[in-house]
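In what follows, a structure is listed as structure tokens, so that the remarks can point back to it.
The values are calculated or read from the model by the stated rules, or taken from the named source; none is laboratory data. Keep in mind that this is a model prediction, so the values were computed, not measured. Heads up, the Cβs are rebuilt from the backbone with ideal geometry, glycines too, and the neighbour counts pull from every protein chain shown. Calculation scope for accessible area: heavy atoms of the full protein, side chains included, ligands and nucleic acids excluded. Shrake-Rupley method; radii C 1.70, N 1.55, O 1.52, S 1.80 Å.
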Amino acid sequence: MLASASILSSYVQATTANLHNYFSLEQDSSAMDGIVSDVGVGVKRGSDELLSSSLYNSPNSGMSSISDGTSNGSDSKKFKVEDAPPSRVLHIRKLPNEATETEVIALGLPFGKVTNILTLKGKNQAFLEMGTEEAAVTMVNYYMAVTPHVRNAPVIIQYSTHKELKTDAGNQRAQAVLQAVSAAQGGGMPTSGSAASESALTPAPSPVLRIIIDNMFYPVTLDVLQQIFSKFGTVMKIITFTKNNQFQALLQYSDPVNAQQAKLALDGQNIYNACCTLRIDFSKLVNLNVKYNNDKSRDYTRPELPAGDGQPGVDPSIAAAFSKDSSSLLGKIPGAMNPLSAAAAAAAAAGRVALGHSGSGGVLLASNLNEETVTPQSLFTLFGVYGDVQRVKILYNKKDSALIQMADANQAQLAMSHLNGQKMYNKIMRVTSSKHQTVQLPREGLDDQGLTKDFTNSPLHRFKKPGSKNFQNIFPPSATLHLSNIPEDITEDDLRVLFSNSGGTVKAFKFFQDHKMALLQMTSVEEAIQCLIDLHNYNMGKNHHLRVSFSKSTI
């Protein structure tokens, strides 16, 4: 239990911080049903595009009014959503009959400390009290985009009219579970008998999980699994294989407690929207024997292993980074992983996963741009890291905002989750989904001052080829850039000067063995973003155009 305490504590703290930083989601006017607030991008009420929202109910619930569940189980006590002010007490409805207190608490854990719980079994409802109102707001904002699920059933989470929960002795069982979780969060041990009956806290039989992927519409790579499961503890080894026409994997943690936490949070969840469902059980094995490090198997504790059988190997510097760079996996929380739970969404935030949003299109609204310097080309280059940009339109009457049309909703979601909140040209950019399905080109003969550009046939799209390896190398913006297609006669000094001239300072540099690729570290993420915009596709001579992307490694 001590092992689980430190893991759970660090996991909750990291997840909460990142969810808070990156999940003040701003909704398009089409999702608001007339409920808006003049915050976020600071524009007038009624604007077609530039609206942000603090909706208090899940858009997936379809509810225009909610019941607080305090009047004999009926819905007689109703009020409109916009009348519900933020509260650290959350009202959870439509819980499955078999839902446990542990599962309800798990909904709130990634966002902060859970201080009280009251379950109303006969009404399929519960009240969850968070340690702070800020944690509750973060949680509600997150679940606006991600439908929360308990036992594969969607539930509704909204603010309660209660400001705190007052529970009595009749709530002893729920309090016992809460005490056990609180002890784990605080690094202590639960008092005797506090949660021994809870299956989530019983000893795990093995540190090895057997994972089956059902409904595998998109490919699931070994690295996707590593990044999803690593937030529940140190992933030591993974072996992937196909059995009975099903993609399966064996994944070994350093501790059985980690395997237990991962199984509880991820079993039955989808990696991508409505597909790639995780079926997880404990393996009879307690140790995996990995002979090769390639795209089928990997031992993260032994980066020196050969690739074997002609499989693509893993660069030693990248392999070494898997363990030490785990913090970057929480760089951005995807905005619409559905119905993967909050805990799993936090784990999957590495950026290799193309995430879908039910009902959203491929058009994004970027606002708070630097209108003096931003161009369609600069937005094309930056957003093009996360998908193939089709069209860009800087709004004529509001030049600090732009519409960006991606190739599909998955790419749009990926770009939004990674770029919202990033600093570009000295301003913090906001990226949200747009209600528009396409970006309209100006009428023929109309001069729009170059504010709209069609990139549909651009040769610079990174993801045109199905199954392109570029999909496996999508990372959050970072200070370290990966350079490729470097001519043989270009030296380290040449590249340092080139990138310094882009307005930053080169902190570190490292060539790969063949000198065709390199890692280059700037002093800040903002500088790296600027360099990527300026120097991706830069002509180095002899028809060598430099390729620049973000790296997960450090030098």
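Numbers below:
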quantity	calculated
Contour excess over end-to-end distance, with Cα ends at TYR425 and GLU133 and 0.36 nm allotted per residue	101.8 nm
Exceeding the 32 Å Cα-Cα cut-off - candidates LYS393/LYS510; LYS237/LYS542; LYS121/LYS263; LYS94/LYS435	LYS393/LYS510; LYS237/LYS542
Formal net charge of residues neighbouring LEU460 (Cβ-Cβ distance under 12 Å; K, R +1; D, E -1)	+2
Accessible area (Å², 1.4 Å probe, nearest 10) - THR242	100
Probe 1.4 Å, accessible area per residue of the range 402-484, Å²	49
Under 19 Å from the Cα of LYS469 - lysines, other chains or at least 8 residues apart	LYS296, LYS516, LYS552
Solvent-accessible surface ranking, highest first, for GLU492, GLU101 at 1.4 angstrom	GLU492, GLU101
Percent accessible area from carbon and sulfur atoms, the range 355-446, protein chains only, probe 1.4 Å	45
Surface accessible to a 1.4 Å probe, ASP514 within the full protein complex, Å²	90
Accessible area, probe 1.4 Å, largest first, for residues PHE127, PHE241	PHE241, PHE127
Carbon/sulfur fraction of accessible area - the range 215-290, other protein chains in place, 1.4 Å, %	49
